[in-house]
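What follows is a single structure, written as structure tokens, with notes after it.
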Amino acid sequence: MFETVKYLIGSTGASGFGSKSTGEDVTAAAPDLRSITAIITGATSGIGAETARVLAMRGARLVLPARSLKAAEETRARITGEFPGAEIIVLPLDLSSLSSVGCFVFRFLALNLPLNLLINNAGKFSYEHAVSEDGVEVTFATNYLGHFLLTKLLLNKMAETARETGIEGRIVNVSSSIHGWFFGDCLGYLDQMTRKKAAYDATRAYALSKLANVLHTKELTQRLEQMDANVTANCVHPGIVRTRLTRDREGLVTDLAFFLASKLLKTIPQAAATTCYVATHPRLEGVSGKYFADCNEVSPSSSASSPHEAARLWRASEAMTAPRPPGCGAPPRP
């Protein structure tokens with residue numbers, strides 16, 4: 001009850017920020033990001049678009065991967081209309097397709113740009129059972145597995161950039177408090193769900209993908225340490241906000257539910273705050289493997305805290321993303 005009251009009134013935590021803080025608020029301590037190149041997935045709408053806008057306002061060069069290039073170009077136009085000097089590059093990417101991820105990395109590395117910041121923000125909530133072209137349930141494929149491969153293929157570039165520039169690299173995985181709704185054997189359930197051996201539960205599938213994001217962050221932190229890379233990895237819960245994630249269920253019931261929950265909802269600028277804080281704030285230099293909500297470190301669920309499960313998921317993810325012959329030249333190996 002006490003935590004809910006703190007959330008509703010926007011009480012600040014140890015960071016000096018809270019649920020009512022915005023992306024612009026939390027980046028005021030890092031107002032000049034002109035030396036930063038950032039990749040932000042899912043930046044064509046909602047939280048991702050606001051994150052991109054705030055980072056562009058602070059001077060960062062942005063690379064926006066998108067399945068819809070039209071939507072990405074519209075995002076670029078909106079941002080450059082507000083900040084005419086913003087440098088924004090649009091590249092195609094479908095996170096549900098492993099070959100598309102490989103092609104994106106191939107194209108990005110060909111630009112010979114540095115990479116300081118990777119924000120794995122894109123998310124999908126599939127109400128109907130579907131399987132990706134790689135044979136993986138599509139919510140898991142989009143929200144987790146595509147980001148896993150994207151991150152793995154870009155790690156060397158991030159480590160190289162940090163070494164050459166002396167600027168710490170940061171990876172931010174956007175998860176959700178819903179990750180705590182999943183209990184049980186992650187990989188066993190994924191297999192059953194993918195092969196339709198179990199009834200499809202859209203919410204449980206989404207929770208599984210978000211749990212995988214937190215476990216990914218945990219194991220990734222260990223591997224970055226083994227690489228001796230000046231790169232951190234952290235995970236965030238942005239808060240409850242109405243975005244295009246619910247676009248497949250617009251209507252009276254959805255509208256009523258969001259009206260009743262309106263006092264708990266964040267605005268999109270508020271929802272982008274935790275991502276922007278973890279991505280840019282000087283206070284988090286050297287902080288890695290943590291989970292943040294309302295711009296403060298909190299504890300994830302017990303299921304997300306197991307090093308054994310994190311390592312197990314990583315091994316399975318490597319097997320699921322083993323190199324395949326791509327359609328645009330060989331993708332770089334990690």
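The values are calculated or read from the model by the stated rules, or taken from the named source; none is laboratory data. For clarity, every value in this text was computed on a predicted model and none was experimentally measured. So basically every Cβ, Gly included, is an ideal-geometry build from the backbone, and we count neighbours across all protein chains shown. Accessible surface areas use protein heavy atoms only, side chains included; no ligands, DNA or RNA. Shrake-Rupley method; radii C 1.70, N 1.55, O 1.52, S 1.80 Å.
Key figures for this structure:
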{"read-out": "Selection status of SER96, open to solvent by less than 30 Å² (accessible area, probe 1.4 Å), more than 16 Å from SER45 (Cα to Cα) and not in a helix (DSSP H, G or I)", "value": "yes"}
{"read-out": "Number of the condition not met by ALA198 [criteria: (1) of a type in the set (A, V, I, L, M, F, W, C); (2) modelled with pLDDT under 95; (3) within 22 Å of ASN121 (Cβ to Cβ)]", "value": "(3)"}
{"read-out": "Residues that are among the basic types (Lys, Arg), assigned to a helix (DSSP H, G or I) and in contact (Cβ under 8 Å) with a residue 24 or more places away in the chain, drawn from the range 288-324", "value": "ARG312"}
{"read-out": "Identity of the residue in the range 67-87, among the small types (Gly, Ala, Ser) and under 17 Å from THR37 (Cβ atoms), that ends up farthest from the chain's Cα centre (by Cα)", "value": "GLY85"}
{"read-out": "Given (1) free of Cβ contacts under 8 Å to residues at least 40 places away in the same chain; (2) in contact with a Ser or Thr (Cβ under 7 Å, 6 or more places away or on another chain); (3) open to solvent by less than 10 Å² (accessible area, probe 1.4 Å), number of the condition ILE79 does not satisfy", "value": "(2)"}
{"read-out": "Flag for PHE2 being at pLDDT 95 or above, over 21 Å from ASN120 (Cα atoms) and of a type outside the set (Asp, Glu)", "value": "no"}
{"read-out": "Scan of the range 60-76 for residues that are among the small types (Gly, Ala, Ser) and either farther than 23 Å from THR267 by Cα or in contact with a strand residue (DSSP E or B) (Cβ under 7 Å, 6 or more places away or on another chain) (or both), ordered by number", "value": "ALA60, ALA66, SER68, ALA72"}
{"read-out": "Scan of the range 140-187 for residues that are in a loop (DSSP other than H, G, I, E, B), open to solvent by 40 Å² or more (accessible area, probe 1.4 Å) and either farther than 15 Å from LEU208 by Cα or charged (D, E, K, R) (or both), ordered by number", "value": "GLY166, ILE167, ASP185"}
{"read-out": "Condition met for THR22 (β-branched (Val, Ile, Thr), surrounded by fewer than 24 Cβ atoms within 10 Å (Cβ to Cβ) and either touching a residue at least 12 places away in the same chain (Cβ under 8 Å) or in contact with a Pro (Cβ under 9 Å, 6 or more places away or on another chain) (or both))", "value": "yes"}
{"read-out": "Residues being in contact with a Gly (Cβ under 7 Å, 6 or more places away or on another chain) and either part of a strand (DSSP E or B) or under 17 Å from VAL90 (Cβ atoms) (or both) - total across the range 42-54", "value": "3"}
{"read-out": "Answer residue from the range 112-139, given it is free of Cβ contacts under 8 Å to residues at least 40 places away in the same chain and open to solvent by 20 Å² or more (accessible area, probe 1.4 Å) and is nearest to SER317 (Cα to Cα) among those", "value": "GLU133"}
{"read-out": "Odd one out for ALA212, checked against (1) at pLDDT 90 or above; (2) among the hydrophobic types (A, V, I, L, M, F, W, C); (3) surrounded by fewer than 24 Cβ atoms within 10 Å (Cβ to Cβ)", "value": "(3)"}
{"read-out": "Identity of the residue in the range 231-253, in contact with a Leu (Cβ under 9 Å, 6 or more places away or on another chain) and assigned to a loop (DSSP other than H, G, I, E, B), that ends up modelled with the highest pLDDT", "value": "GLY239"}
{"read-out": "Residue pairs meeting the criteria (Cβ under 9 Å; at least 6 apart or on separate chains; first closer than 18 Å to LEU313 by Cβ and open to solvent by 30 Å² or more (accessible area, probe 1.4 Å), in the range 189-204; second aromatic (Phe, Trp, Tyr) and part of a helix (DSSP H, G or I))", "value": "ARG204/TRP181; ARG204/TYR189"}
